[in-house]
Each structure stands twice: as structure tokens, then as C-alpha cells.
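Enquirer: Here it is: the structure, laid out below.
What follows is calculated from the coordinates using simple rules that are stated; it is not laboratory data. Remember, it's a predicted structure, so these values are computed and weren't measured experimentally. So basically every Cβ, Gly included, is an ideal-geometry build from the backbone, and we count neighbours across all protein chains shown.
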């Protein structure tokens, strides 16, 4: 095909993308203007620039594409119709209950790797894919990400920009769609393209400012980007929202709205462009262009369910080991057996002990610096297509920084794992800003998540191993202080299975205490104090807080007068207390849960002082149990 | 005092700041190297540049100071000793249980407006204070914020940079402490000051690169910054971590660590500098410099507890009104009665309806664009010293973006209010990325929070009024669809007080149903269906989910066989179900809570289809109640 014909074919394709975006949004009460601004870009990407197999969208050798501005979903679906994976009829099912063509893209669709729709996240996901492509797969696939100008206000975009240039991701191309208009008003920079260029260049990117509706300019810019070495590339595209729609282009108040009464005229205008070419003699050329094939240099991987610690944990009963240290040990051991187990950290690796993997296998560690949102987004990108098993760590408190990314990770069906260290007041003197007191609430609320709260080093190593092999988001909560090893090296652990760590026998236990991490040891101390007064309690280590062991709790509660005491180095809402209350309700057991938890913003002090002050230590448990039993 | 003497006095003060930082950290197992890099900057700020009353730190006319790099707290405390608010003896109580000199600064101290310690948040807080100073107080106070180079990797810093230049905050000065070293390794840019300059300039700031240990240069730079109009200023300071500490300065692995065995030698070195001046003839000049007084042009305000809607809500029973619209109406009405009620939104004002206040009172609205972390930080800054009552709104789902900022808001003792619209699957076709399904879990987990979930327009207006007058963090959850008005205009609402919206009498109700928002109306429909089968249920609208009305629930449950059904357009963890389970446990009532909630990642569809599919509609409630009663 001649260059002229190629240009013409792309122009027709862009027009078809607009038409199909309008038809789909007309049928579903949504709007096509955010699609129109990127129609030429999408046509070039899907029919000329990207190398992929249209009928095998998750092929590992394919170039990757992320539509960070997920509200332009209709044009993404139209592009996949253009390359033959969907039909034009499929497009009309947009946003219907039984269609996977949702309002924003999700991986229910074979051609979507990460869900988008919460803005400013796609570039981090794309950077994770590019990092894996360049440094782990060492394959030739490239990664393309379209970002809206409105969402470029999100700081996570700039975190991703800094990350991508620091790591020299020259296989990553960002297309910034500067269409000037946000949802409710113009963007801060409107069409000030030079400021975008300065920002991008100062963040270490190769930047090109182009007319985003000029197909030739787009082709040239992609070609230039391909030649740039050691830097990611950005195409800063001047576009118009609603481009090509008469009376709508570049006008306010059209965000997300159907064209309504104007639709027929706009469609007529666009369809006229298709019927006759500029030369007056060309048909619409549909199907004349097909995406170039990728270089087949990346093999499929199947990781989840396939990795194991090389040997049982290497601790002795009674050893004093912080669970955060055991986390690092397990990560290093798992990483040595599988070169696709990787760790990401945010300049806390010497506190979370993810440094252990870095020291053992430097190529399996990604330093993300103090930018947790991007770190989580990169982790989710790394997990795509099971190319790696990522473990993302920082203080549990600081994972709250990325709640939106983690929430979207669930929509993305990610298998990314998270580890939060420095849980609770037992960190001591650093004070409340550093104490994870909301992390269990956060991770429990994530759809389909698994929440590990291992209490000793053996349990922690098994939690890491289980997390690596479990689908969906896993969270492992670790603590700062040293705690005794209470499980033998050959102890078996499973998701949803707790342990009775102390009992006097089913007939004589008077109350059940559920505790984890530092509070488990306080519960054991309290049990000794109580036993000295002839009060026997059963102590349960739940191991996973979600799912929690309903059967174990049900039996315990039935045998101990329907009452439970929960003790947690966490706030009273959303943690162990809520989980146990919910489990017993689910089991249909009438019950009362007495919660011991941190009930106010704590302060600095020693770990022991703080656990005492906030009433989660052995003394508080002892008094609570005595009080409950006295009232019977 | 001559210029020479001033320089000398500042140099001595900087040395004293170092000495006191070492002594305090020696006594508390923490480290002084992050203090040493900013000792000259702190000396100049506290003794020469900032205008404030040292014995009246919260005076509204004082210049504001935010130490975003909160881990340098010891030098902040030392600075307040230098100006006479603390004694040097006080400094040795650092990080002790009974001292307010915590590991990171909190507003337990009179001279701290916002807690810091989770990095990258202080600049947003400072921007909020500067916005209020320039546009609301219209006073002459200025705002200074020290940011660490490591934390400048946080995207929230760049969100704040964009915000501050867009709003022309020329009363804001950021000091970037480029000391090259993070916690676990060197920062990405190390001492590449020119790249920092390019980034800052591209984000619209007036930038000066200086030697951060050169007092004369610091003085000159602050003076230049004072003359800059319509732009915020940044001083990009080349510094050394551990500056002035022999064998420690600019070395790795000293982050947060006490000097230990090296301490004595370093102290001796520094104290020698104090004993004899460079001229050989000067004492240490302590107390010779005092901070200049502020211009008294800002009056104290007392807002909380003092604002009220001008008239009762203006709806009729049966009107169809979305609670998000009622939120906007109430905000506008409250804003018209009090010019310090302000709204902040992230380009969703036409969806959350905060636009109503913007239209009524444009000066009381701050557009924050799509940058939720900064928006929340700015809101917290605006609330400081009760200068304003801010309401921060976006989709409930997107408030998760700022969980860390909200969490830190609780440590900051903020009175900032939050409103999240588009709760749950009842938003319909936009899909899971836009649906708030974790927001109740998030806000319940915040220490000291109040969580409103009003079900109709009347309740929503009262929730806004109550939130404005309630100390601590308040959250108001609103919905997208229209719902009927069920409360009369004169209905009274209070925090922690729910309503029985349907009962057949205490003796005949067979089960209690707790629901809010869209599900309350489904519960009422289900009650009709059940009544047709001679099953009577009590329906409760909790109004606030935290605190929840324990007494009302206790009575209801005691009268309806100890069982409750909760129905929520939210995930099953952390929301109404957990709150009710917890309340009944707290009340000491043996109970079972049957949760109806959204149990998987939802998809696109109509609101009715989705509420049906995820089993939170009238039909699901009807079946659940019948099933429970059949088992009795």
C-alpha cells in the first residue's frame, strides 16, 4: 500500500471510530466527545504502530496498550472492532448488564490488562509492564499509554513519569491527549502545550508536541519515539474534545453526554466523509490495514500455584524474630527458587526487610522511592499476564496512600501482593503517623482480597508462600518488634484456617480470645495470669483475617458461652473484631464480641507503654476476661 | 544589630539547633542527621524571616510554618526552644510517653497546625493556609513549608505545586532540602539541583537554587521571594545530611539513627564553635535575635458550633431528590449564612453538586482539579485555626485516593468535612471504577470520625449542618439516583440518633432491617411485600453509621428475636453490617446480623438491574427475611 493510501485508510478508520463511538454511546446514555479527541491516535496505534495479534490479545509478545483515560472506552472497543476482534453489533451492547463492554474498560475483556476509570493510574500500570518487558522478559514488546490532560493533574502521573525516566524505560510511549476540557470546566493549562513539554522534559522524558488530529504527524512522532534510547517518550497531542463533530467540537458541557438531538446530523456529516474519499474515487478501505505482527520473543508463563519455599522455615521454637524480618527472609528464599518473584519498595526496604531479596537477587528488586501510588500501580502492571509475582512493601500506614490504586487492582483482577510492616502502636516512639491502624479495614474492604496476619516467623514465611500462589489481592501484615517463634518448622498453614494456640480442653475453657501478631503473645500471657486464678481461656490465632476461620470460631464460641474477646493492634473498626463479629453472624451463632483495640489517635512512647495505655496488653485482656466472667 | 552580628547570631543559633537535636535524639534512640541539613534554614526562618509571636503560636496573624519532612521534628522543637516557648530541658523529653514532643510533630503542640510524618503532605496543607490567607482572610501572613528531597517524589507534592501556581499563591514559600540521601539509599536526583529548578519552574514557581548552609544566601533568597508577585516561591537548597557532624556529614546509613559512640566527639566539635566566634571575641549571642512581630491584620474566628441553615429544608414529602443534590443545596444555603463555609471539588462539581455553592458564592469555592490528595491536604490546611469550615467533595470512590491524607487529618485534629457522592452500584452504567463500595469502611476506620449516611434530602441538609458544627473529621455519603423525601421539613436529626421509619408496634415486629440511602427505600418496599404475607418488620434508618445508635438497635433487636438484617450499597466489610454487629456486641446483646451487601466486583448495568443482581433490592430483602423467619 502506498503512503498516500495508508494515510487515507487511517483517516477513514478514524472516522469510523468516531461513528462507532457515537452509535454506541447513543445506545447507552453516555458520551463520545472524549473518544473523538483520540480517534486519529487510536487509528494509527491499532492499525500501524502497535505490533500484536488481533485474535490473541493476551499473547505475551504483543505490544501492550493502556487507556488511562478509561472514560474513552467506546473508542477502545471500536478499535478492537476495527481489527476484527469485535463486531460493530457488539459495540451497541455498551454498558448493558450482559455485555463485557462496560462503561470503563475492565479485564473481563480479553484485550484489557488493567481496569481504568479512576484517573491517573494507567501510566503506572504501563510503566510496570514496560519495566518487566525491558528488564525481566527482555523482550521487544513496547507499551503505549493514552493519558488525558485532565488526569495529568494527578500526582501519580508525575510519580510514574519520574519512575519511568529513572529506570530508562525506552519501550514506553505516553500519548497525552490535550483536548483542553475537563468534566466541569477547562483544564488548568488548557492548550498550553509548551508547559506540558517543559514539565515532561524536566521529568526526563523525550517530548514531541504534535497536532493530535494530523495522522502524518502522529506516524512520524511514533517513528521518532521508536528511535529514542534510554528515555521514555511522550507525544503531547493538541486535540479537540468532540473533534469532527460540528457545533460540538471544543465546546464545554459535552463531557460524558450523549449527542442526543445533534446525533443524526453529526453521523450524517461523518458518514459522508466515508462515502467519498478526498480524491473523489476511493471506497472506505475498511480492512485494508492490519496491525503488524509482533516479534515472537516472549514465552508464556504460568506462575501462580507453581512456587514454593525451597525448605521449611529455618527457625527454632522460642527464637525472637520480628515478622517483618521473616517476611524478608521468605521473600529472598522464594525469589531464589523463582526468578519471577519480585519485590517493590518505597525507600523503606531496610525497615520492611524487602532488602533481603534485593541483596540475594538484585535483578528481582525494584526501588520505587517515596511514591506509593506509583509503586502500587507499577506492581499491578508487573503482575499482568502472570509475567511476575510482585510483592509490594512499605509501612502498613503508607499503603493507605494507594487505596484507590489497590481498589482498582481488584477491578483489574490483579494478583499483586502487598506487605505492610510497622503495624500498630507496638512500633513505639515514632508516633501515630507511622502506625498502621487502618490497614486491616482497608484490605478487608477490597473485593476478593486475602488478608494474612501471621503471628510468628514460621507463619509469616508460609503467608508469603501462600500469597504468591493465591489469586487476587493478598495483604500480609507484619510487625516491628521481635516476637517468639511458636510454630514448629513443619507446621501446616492454609488460607482461612486458624490455630488454637492454647486450650484447657473443650469442656473447661470459659472464654475465647482471638488475637494476632503482638497481641497474640499478650493473650498468651493473660491466659497464664487467668489460669493462676483458675480461669481457663482458649486462645485463637486466626492466621488469615479474610477469609477468617468461621468453623473454628463457631466451635470455640459454642463451647465458651457465645462470647469472644478480640485483641488487635489496630483501630476498633474494620479489623479482627469486625471480622469475628461478622463470621459468627455468618455462622448463624448468636454471640457477643468484646473488642480490645486502639480507640484514639495514639502518641509516642515505648511499645510496652503504648500497648498498656491503649489497653491491648496482657493486663487489659486479663481484666476484660475477668469482667466478662464476673457478669455471667 | 549590625548585619555582621546578625549573621553571626544566626550561625550560632544554627549550631545550637544541631546540638539540641543531637542531645534530644541521643536521649530517645532517634537520629539528628535530617535536622542538621536544615539547621541554618531553621535559624533564619525562626529568628529573622518569619513574623510571629513566639508566646502566642496560634495567633491568627502569625506567619505559618509546616515541617513537611516531619522526621526532622527535633530541630523544630529546638527552634521553639530558641525563641523561648520551650526550654532546653523540655527537649530531652523527646518521644517520651508523657511528652508532647512526639517522634513526628502533632497539634498536641500549640505551635503545630498539622501533623506531618507521612511524607509529601505538608505542601498541600501549606497551600490551603496560603489560599485562605490570600483570598479569604486577605491578611498579610505568609506560609513557609520545608519539604525533603526524598518526599518530593510523592505525586502529592506536584499536585500542590500545580495548585499553588494556578492560584497565584505568592504568600507561599517552599524550602526544598536537597540533602541527597533518603532512608535506604540516595534519592533519584541526588544533588542535581538544576533538574529540581526546571521541574519547579515548569510547574509555575519562582525558583532559586542556593547553598542551604550559607546563611547570607538564605536571607537574600527569602528577601527575593518576598518581592515575587503572583507566583509561589521555592528555595532549592543544596544541603548535606548530617551537615556539621564530622565523619557523618553526607554519609549513607545514618537516617534516623542516634549518633551513639560518635555523639560525644560531634557535640564537642559543635560546642567548640559556640564558645569562640570566628572573630575570637564573641559569646554565643543566645537571645539576641527575636522573631519580628506580625502585622496584626487577622482577627480570631470561632466557627464550629456557630453555623446554621437559614431555614428548614425546602422539600415536600414524596419529592424525588437525589441526596447529592440536597448536599449541594445545603452547602449553598449554609455558605450564604456564613462566608467561611467553603467547598473544594476535584472537577466533579457538576456531579457532586458542590457547584451550587460556587454559583451562589464563587469566592467560597476552590476548584482543585483532578488531584484528590492535594485537594484533601488543602482542605485540611484551610480548616486550620478554624479560619474556615471546608467541605471537600468528589465521588466517594475517589476519596480513597486520599486515604493517607484523611488518616493524617485525624492526627492533625482537623475539622475538615468530606462528602462522597455516587455511592455504590446504584450509580448504574459507569461501572465499578466509579462506584463507592469501600468508603464507609475507610471513614469508619478514621479515629474520631463521624460518618453520616443520610437517606433523603431533608436528612442530607441536616447532615451538612451537623457536620459543619461537629469537631473532627465528618463524612457524608450521598447517592446518585433520585429518592423520595420521607422526612418532614421540621424533623430533628442528631449525630448518633437513628429513626424507626416503619414499625407495626413493638410486640408484633418480627425482625429488624437496617438500611440507608437507596437500600432504605428497598427495605420499605420489602416491608410492604412482607406485610402482605403477614410478616411485620421494623425498618431503621441509622442516619449516622459512626457513631451508630446503639440504644435504638438494642431495643429493636431485643424486641425482634435478636436478629437483624442489614442492607447496604457497599461491600460486606466495614460498612453498616459491621457497624451494627459491633454496636450490638458493645451493648452486650447476643445477636446475629444478616448482611446484604455487594459481594463481588460489580459491572455496568442499570441501577435497578445491579441492585437486583447484587442482591440488595426489595426482592432480596424479602427473601432474606422470609428465610430467617422460616428457620425459627
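Enquirer: With 10 angstrom as the radius, rank A:110, A:354, B:263 by how many other C-beta atoms surround their C-beta, starting from the fewest.
Expert: Numbers: A:110 13, A:354 31, B:263 16.
Starting with the residue having the fewest Cβ neighbours, the order is A:110, B:263, A:354.
Enquirer: Under 19 Å from a label point 7 Å along Cα→Cβ of residue B:336: give me every residue in segment B:441-469 with its amide N that close.
Expert: Residues passing the 19 Å test: B:457-466, B:468.
Enquirer: Just to confirm my numbers, what's the Cα centroid distance between segment B:300-374 and segment A:92-125 in Å?
Expert: Going from one Cα centre to the other spans 33 Å.
Enquirer: Still on this structure, I have one more. Evaluated at 4 °C with a viscosity of 1.567 mPa s, what Stokes-Einstein diffusion coefficient in µm²/s does segment B:1-96 have when Rh comes from the Kirkwood expression over alpha-carbon pairs? Spell out each step's value before the answer.
Expert: Numbers: Rh = 13.6 Å.
Diffusion coefficient, whole number: 95 µm²/s.
Enquirer: Among A:460, A:337, B:87, rank each residue by its count of other Cβ atoms within 10 Å, from fewest to most, as a rough exposure measure. Intermediate values should be presented prior to the final figure.
Expert: Details: A:460 35, A:337 13, B:87 9.
Fewest-to-most Cβ neighbours within 10 Å comes out as B:87, A:337, A:460.
Enquirer: By how many degrees, 0 to 90 and rounded to 10, does the Cα axis of helix B:263-275 deviate from the longest principal axis of chain B?
Expert: So the helix axis and the longest Cα principal axis differ by about 60 degrees.
Enquirer: Please give the calculated 222 nm ellipticity per residue for chain B, where each DSSP H segment of at least 4 residues contributes -39500 (n - 2.57) and the sum is spread over every residue; nearest 500 deg cm²/dmol? Show your work: numbers first, answer last.
Expert: Numbers: 23 runs with 230 residues, N = 632.
Rounded to the nearest 500, the figure is -10500 deg cm²/dmol.
Enquirer: What is the mean number of Cβ atoms from other protein chains located within 10 Å of the Cβ atom of each residue in peptide B:366-379, rounded to a whole number?
Expert: On the way: counts 0, 4, 1, 11, 14, 10, 7, 6, 3, 0, 0, 0, 0, 0.
Mean partner shielding for this stretch: 4.
Enquirer: Give the relative contact order (percent, whole number) for chain B; include only Cα pairs under 8 Å separated by 6+ residues.
Expert: Dividing the mean separation by the residue count of chain B yields 12 percent.
Enquirer: Rounded to two decimals, what is Rg over Rh for the protein assembly as shown when you use alpha-carbon atoms and the Kirkwood radius?
Expert: On the way: Rg = 30.1 Å, Rh = 31.3 Å.
Here Rg/Rh amounts to 0.96.
Enquirer: Using 1/(1 + (r/R0)^6) with R0 = 45 angstrom and r between the beta carbons of residue A:51 and residue B:228, what's the FRET efficiency to the nearest 0.05?
Expert: Taking R0 as 45 Å, the efficiency between residue A:51 and residue B:228 is 0.35.
Enquirer: Against the longest principal axis of chain A, how steep is helix A:73-82, in degrees 0 to 90 to the nearest 10, with axes from Cα atoms?
Expert: Relative to chain A, helix A:73-82 is tipped by roughly 60 degrees.
Enquirer: Simple spin-label model, 7 Å along Cα-to-Cβ: residue A:316 to residue B:606 in nm?
Expert: Going by the 7 Å Cα→Cβ label model, 7.1 nm.
Enquirer: I need two numbers for segment A:388-503: Rg to one decimal and Dmax as a whole number, Cα atoms only, in Å.
Expert: Computed over the Cα atoms of segment A:388-503, radius of gyration and Dmax are 14.3, 43 Å.
Enquirer: What does the average come to when, for each residue of peptide A:392-405, you count the partner chain Cβ atoms lying within 10 Å of its Cβ? Don't skip to the answer; put the middle values down first.
Expert: On the way: counts 0, 0, 0, 1, 0, 5, 4, 2, 11, 14, 4, 11, 11, 2.
If you average over the peptide's residues, the count of other-chain Cβ atoms is 5.
Enquirer: How large is Rg over Rh for segment B:313-453, taking Rg from the Cα atoms and Rh as the Kirkwood inverse mean of 1/r across Cα pairs? Present the calculation step by step, with values, prior to reporting the outcome.
Expert: On the way: Rg = 14.5 Å, Rh = 15.3 Å.
Radius of gyration relative to Kirkwood radius: 0.95.
Enquirer: Related question: Taking a cut-off of 10 Å, what percent of all Cα-Cα pairs in segment B:117-156 are separated by more than that? Walk me through the numbers on the way to the answer.
Expert: Working: 540 of 780 pairs.
Beyond 10 Å sits 69 percent of the P(r) for segment B:117-156.
Enquirer: Over 20 Å intervals from 0, what percent of Cα-Cα pairs in chain A sits in each interval?
Expert: Percent of pairs per bin, in order: 20, 44, 27, 9, 1.
Enquirer: Further question: Please report the base-10 log of the normalised intensity I(q)/I(0) for segment B:523-632, using a Debye sum with one equal scatterer per alpha carbon and no solvent, at each q in 0.11, 0.12, 0.23 (1/Å).
Expert: -0.35, -0.42, -1.37
Enquirer: Say a label goes 7 Å from Cα toward Cβ at residue B:551 in every copy; what distances in nm does this one have to the rest, shortest first?
Expert: When each copy's label point is compared with this one, the spacings are 4.4 nm.
Enquirer: Under the Kirkwood approximation for Rh and a Cα-based Rg, what ratio Rg/Rh is obtained for segment A:98-214?
Expert: Values: Rg = 15.0 Å, Rh = 15.3 Å.
Result: Rg/Rh = 0.98.
Enquirer: Give the separation of the Cα centroids, segment B:493-560 to segment B:197-269, in Å.
Expert: Between the Cα centre of segment B:493-560 and that of segment B:197-269, the gap is 60 Å.
Enquirer: Per residue of B:145-154, count partner chain C-beta atoms within 10 Å of its C-beta, then hand back the mean as an integer. If you can, show how the numbers build up before the last one.
Expert: Values: counts 0, 0, 0, 1, 1, 3, 4, 4, 14, 12.
Per residue, the number of nearby Cβ atoms from other chains is 4 on average.
Enquirer: So the label point sits 7 Å from Cα along the Cα-to-Cβ vector; using that for residue A:362, what distances do you get to the other copies, in nanometres, sorted shortest first?
Expert: Sorted ascending, the copy-to-copy spacings read 5.9 nm.
Enquirer: Averaging sequence separations of C-alpha pairs under 8 Å and six or more residues apart, then dividing by the length of segment A:84-218, give the relative contact order as a whole percent.
Expert: Values: 160 pairs, mean separation 22.3, N = 135.
Relative CO of segment A:84-218 lands at 17 percent.
Enquirer: What percent does the relative contact order of segment B:255-380 come to when contacts are Cα pairs within less than 8 Å and at least six residues apart? Could the numbers behind the result be given before it?
Expert: Working: 103 pairs, mean separation 20.7, N = 126.
Answer for segment B:255-380 is 16 percent.
Enquirer: Still on this structure: Measuring from the axis that superposes chain A on chain B, report the chain A residue with the minimal C-beta distance, rounded to whole Å.
Expert: Of all Cβ atoms in chain A, the one nearest the axis gives A:155, 1.
Enquirer: Shifting gears a bit: How fast does segment A:459-551 diffuse by Stokes-Einstein, in µm²/s, taking the Kirkwood radius from C-alpha pairs at 37 °C and 0.692 mPa s? Can you show the working numbers first?
Expert: Numbers: Rh = 14.4 Å.
Estimated diffusion coefficient is 228 µm²/s.
Enquirer: Right, something else. If R₀ is 35 angstrom, what is the calculated FRET efficiency for the pair residue A:587 and residue A:532, using the beta carbon separation as r and rounding to 0.05?
Expert: On the way: r = 32 Å, r/R0 = 0.93.
Computed FRET efficiency for residue A:587 and residue A:532 comes out at 0.60.
Enquirer: In degrees between 0 and 90, to the nearest 10, how far off the longest principal axis of chain A does helix A:618-630 point, with axes built from Cα atoms?
Expert: Once rounded, one gets 70 degrees.
Enquirer: Something else about it: Given the Cα-Cα distance of residue A:299 and residue A:29 and 0.36 nm per residue of separation, how much length would full extension add, in nm? It would help to have the intermediate numbers written out before the result.
Expert: Values: separation 270, 0.36 × 270 = 97.20 nm, distance 4.18 nm.
So the extension gain works out to 93.0 nm.
Enquirer: Where both residues lie in the protein assembly as shown, what percent of DSSP beta bridges are antiparallel, nearest 5?
Expert: Values: 19 of 131 bridges.
The antiparallel fraction comes to roughly 15 percent.
Enquirer: While we're here: Between the label point of residue A:55 and that of the same position in each other copy, find the distances and list them shortest first in nm, with every label point placed 7 Å from Cα along the Cα-to-C-beta direction.
Expert: Taking the point 7 Å beyond Cα along Cα→Cβ, the inter-copy spacings are 8.7 nm.
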